[in-house]
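Enquirer: Starting off with a structure, shown below.
The values are calculated or read from the model by the stated rules, or taken from the named source; none is laboratory data. Note that the structure is predicted; figures quoted are calculated from it, not measured. Virtual Cβ from ideal backbone geometry, glycine too; neighbours counted across all protein chains shown. Surface areas here come from the heavy atoms of the whole protein model, side chains and all, with no ligands, DNA or RNA. Shrake-Rupley method; radii C 1.70, N 1.55, O 1.52, S 1.80 Å.
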Amino acid sequence: MDLLLLIIIFTAVGGVLSVMAAAVFLLMPDKHQHRVLPHGISFAIGALLAVAFWGLIPHAFEEVKPEQFQSLSGTILAGVLGFFVLEKLLIWRHCHFGNCEAHGDEVQQHEIAHAHGHNHGHGHEHGKSAGALIILGDSIHNFVDGVLIAAAFLTDVKLGIVTSLAVAAHEIPQEVGDFAILLQSGYGKGKALFYNILASCTTVLGGVLAYFSLEDLHDSLPYFLALAASSFIYIAVADLIPSLHKKTDMKTSLQQIALILAGVFLICTMHGIAHDIEIH
C-alpha cells in the first residue's frame with residue numbers, strides 16, 4: 001500500500017477514532033466512567049512505554065552511526081527535560097492568573113487525562129474563551145502527534161503502525177478530559193464533539209505535511225524518533241503513573257500491573273505481526 005495512504009489512515013486512527021471513543025465513554029453513566037478510566041490509564045502506560053523502548057528508540061539507533069549514539073541519547077534526555085520545563089511553564093501560567101484554587105478540583109479531575117499541549121489556556125480565562133484555548137492547544141498537540149507518526153512510518157512501516165496505536169491509547173483519556181473541560185466551559189455535547197473532531201483532524205494534517213518535508217530530511221528522522229520516545233516516556237512517567245498511586249490496595253495495584261503488562265504485550269505483539277506481514 002502507498003506510504004502516504006498508510007500515514008493518512010493511521011493518523012486518522014490516532015486522531016478521529018480516539019475522539020469517537022472518548023465520546024462513547026462520556027455516554028456511560030458516571031459510576032462506570034470512574035471505574036473504567038483508571039483501567040484505560042494503566043493500559044495506556046504500558047502501550048506508551050513499550051512503543052518508546054521496544055520500537056522508537058531501537059529504530060532510532062539503527063538509523064545512525066555509532067559515533068552519533070551519544071547525541072541521540074542526549075536528544076532523548078533533552079526531550080524529557082524539555083517536556084518537564086514546558087509543563088512547568090504551563091502550570092505556572094495557570095497559577096499566575098490566580099486560578100489555582102478555583103480550578104483545583106478541575107485540574108485534579110483531569111490530570112490523568114492530561115498530555116502536552118493540552119493546557120495551553122487552562123485557567124487563563126473562563127467560559128467559552130477557555131474552551132477555545134483548549135481546542136487550540138489540542139490542535140497543536142495533535143499536529144505534533146501526526147508528525148511523529150509520519151516520521152515513524154518513513155523509518156519503518158511496522159514502527160509507524162505501533163506508534164499510531166500508542167498515540168490512540170493515550171489520546172482517548174486526553175480527549176475525555178477535553179470533552180469534560182469544554183462541557184464545563186458551556187459548550188453543548190454536539191458542539192464539543194464537533195470541535196474535538198476538528199482539532200483531531202490536525203493529526204492527519206501533521207502526518208501529510210511531514211511526509212512531504214521529512215522525506216528530504218532523512219538524516220533528521222532518528223532525532224524525531226528520539227523526541228517521540230521522550231514524549232511517550234514523559235507522558236507515561238510524569239502524567240499518568242502518579243495517578244495510579246492514589247489507590248494502594250492490593251487488588252487495585254495488581255489490576256494496574258496486569259493492565260500495564262497488557263499494554264506492553266499488545267504493542268509487542270502488534271510489532272511482531274506487522275514485522276511478519278512486511279516479510280511476507
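Enquirer: Just give me the residues in region 10-35 being surrounded by fewer than 14 Cβ atoms within 10 Å (Cβ to Cβ) and either touching a helix residue (DSSP H, G or I) at 6+ places or on another chain (Cβ under 9 Å) or not β-branched (Val, Ile, Thr) (or both), in sequence order. Full working, then the answer.
Expert: So in region 10-35, the residues surrounded by fewer than 14 Cβ atoms within 10 Å (Cβ to Cβ) come out as 24, 27-32, 34-35.
Across region 10-35, the qualifying residues are Leu27, Met28, Pro29, Asp30, Lys31, His32, His34, Arg35.
Enquirer: Residue check: is Ala274 part of a helix (DSSP H, G or I) and modelled with pLDDT of 85 or more? Walk me through it before giving the result.
Expert: On the way: part of a helix (DSSP H, G or I): yes; modelled with pLDDT of 85 or more: no.
So Ala274 fails the test.
Enquirer: If you don't mind, another one. Return the only residue of Leu49, Leu90 being within 24 Å of Ile241 (Cβ to Cβ), modelled with pLDDT of 85 or more and open to solvent by less than 60 Å² (accessible area, probe 1.4 Å). Explain how you work it out, then say what you get.
Expert: On the way: Leu90 fails: modelled with pLDDT of 85 or more.
That would be Leu49, the only listed residue that is within 24 Å of Ile241 (Cβ to Cβ), modelled with pLDDT of 85 or more and open to solvent by less than 60 Å² (accessible area, probe 1.4 Å).
Enquirer: Next up: Out of (1) open to solvent by less than 20 Å² (accessible area, probe 1.4 Å); (2) at pLDDT below 80, what's the single condition that is false for His96?
Expert: The number of the failed condition is (1).
Enquirer: Please return the ranges of helices (runs of 4 or more DSSP H) entirely within region 1-84 where 3 or more residues are within 24 Å of Glu215 (Cα to Cα) and among the hydrophobic types (A, V, I, L, M, F, W, C).
Expert: Values: elements: 3-26, 30-50, 57-62.
Helices (runs of 4 or more DSSP H) meeting the threshold: 3-26, 57-62.
Enquirer: Go through region 154-192 and give me each residue that's among the acidic types (Asp, Glu) and at pLDDT 80 or above. So that I can check it myself, show each step before the final result.
Expert: Start the filter on region 154-192 by keeping residues that are among the acidic types (Asp, Glu), which leaves 156, 171, 175, 178.
Selection gives Asp156 alone.
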